[in-house]
1. Identify, from the list Val49, Val17, Val22, Val75, the residue that is hydrophobic (A, V, I, L, M, F, W, C) and closer than 30 Å to Glu136 by Cα.
2. Output the residue which, of all residues in the stretch 71-100 that are open to solvent by 100 Å² or more (accessible area, probe 1.4 Å) and either polar (S, T, N, Q) or at pLDDT 85 or above (or both), is nearest to Glu51 (Cα to Cα).
3. Among (1) of a type in the set (S, T, N, Q); (2) open to solvent by 60 Å² or more (accessible area, probe 1.4 Å); (3) closer than 30 Å to Thr132 by Cβ, there is one condition Gln50 misses while meeting the rest; what is its number?
4. For a quick check of your reading: which strands (runs of 3 or more DSSP E) sit entirely within the stretch 1-63 and have at least 1 residues that are out of contact with any Asp or Glu (no Cβ under 9 Å at 6 or more places or on another chain) and not aromatic (Phe, Trp, Tyr)?
5. I'd like to verify a number: residues in the stretch 122-147 that are over 17 Å from Thr29 (Cα atoms), open to solvent by less than 90 Å² (accessible area, probe 1.4 Å) and either part of a helix (DSSP H, G or I) or modelled with pLDDT under 80 (or both), how many?
6. Among the residues of the stretch 110-121, write down those that are part of a loop (DSSP other than H, G, I, E, B) and open to solvent by less than 40 Å² (accessible area, probe 1.4 Å).
7. Please work out if Leu66 is hydrophobic (A, V, I, L, M, F, W, C), assigned to a strand (DSSP E or B) and under 30 Å from Leu5 (Cβ atoms).
8. Could you pull out the residue among Thr21, Thr103, Thr29 that is free of Cβ contacts under 8 Å to residues at least 24 places away in the same chain, among the β-branched types (Val, Ile, Thr), open to solvent by less than 70 Å² (accessible area, probe 1.4 Å) and out of contact with any Lys or Arg (no Cβ under 9 Å at 6 or more places or on another chain)?
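The values are calculated or read from the model by the stated rules, or taken from the named source; none is laboratory data. Keep in mind it's a predicted model, so treat the numbers as computed, not measured. Reconstructed Cβ throughout: ideal geometry from the backbone, glycine too, with neighbour counts over all protein chains shown. These area figures cover heavy atoms from the full protein model, side chains too; ligands, DNA and RNA do not enter into them. Shrake-Rupley method; radii C 1.70, N 1.55, O 1.52, S 1.80 Å.
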Amino acid sequence: MKWSLNELQKYRFEPLVFSETVDLKKSLTKRDKEILDVSPILLEGNLIVQENEILLHMVVSLNVTLPSARSLEPVLIPLSLEVDEIYIPENVASREFDEEEGTVIQLENDWLDLSEAIEDAVLLNIPIQVFTEEEEEENKMPSGNDWVVMSEDDFISEKAAQKAETLDPRFAGLKDLFKNESDDKKLD
């Protein structure tokens, strides 16, 4: 998905609507070693060419295969992302943009290549942890000889239980102080 800026000037009065499939598997797996596989990427969107800027809106749809965080088994993750960016040619001074307008990119060349924008959007939206369906359903953590993987919630509750059981040695003598009084009240 690459156009020269001169070529894009033909679309100054009407948007350039596109629907294409691209294969960026090689470059995505090179940029992120965790990615096992990437399907062909479906791009649907439009470019609006204005006097000093080019507005991009596109939807990126693909399937990414990542290793499970527990078992390293391959997990297929469907992604559908919206990309909104504004491109400014290098010879044009940039104006102030609102954050709501999208990402603003100053072009360094006389062409617009969407490959890097697509790759960046995919890499930014890949989940940090993925699990197989079985792992999500049973919620069983791996364990071995003298070790166990536990969730953060389990870890916090175990630490709280250990803290409750541990008595501060400075107060050890006080624990029996009221024990005799409560025994006496029971006798009454």
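1. Values: Val49 fails: closer than 30 Å to Glu136 by Cα; Val17 fails: closer than 30 Å to Glu136 by Cα; Val22 fails: closer than 30 Å to Glu136 by Cα.
So the residue among Val49, Val17, Val22, Val75 that is hydrophobic (A, V, I, L, M, F, W, C) and closer than 30 Å to Glu136 by Cα is Val75.
2. Asn91
3. The single condition Gln50 does not satisfy is (3).
4. Values: elements: 2-4, 16-22, 41-49.
Fully inside the stretch 1-63 and qualifying: 16-22, 41-49.
5. Final tally of qualifying residues: 4.
6. Of the stretch 110-121, the ones part of a loop (DSSP other than H, G, I, E, B) are 110, 114.
Within the stretch 110-121, Leu114 is the sole residue that qualifies.
7. Working: hydrophobic (A, V, I, L, M, F, W, C): yes; assigned to a strand (DSSP E or B): yes; under 30 Å from Leu5 (Cβ atoms): no.
The answer is no for Leu66.
8. Just one listed residue meets the conditions, Thr29.
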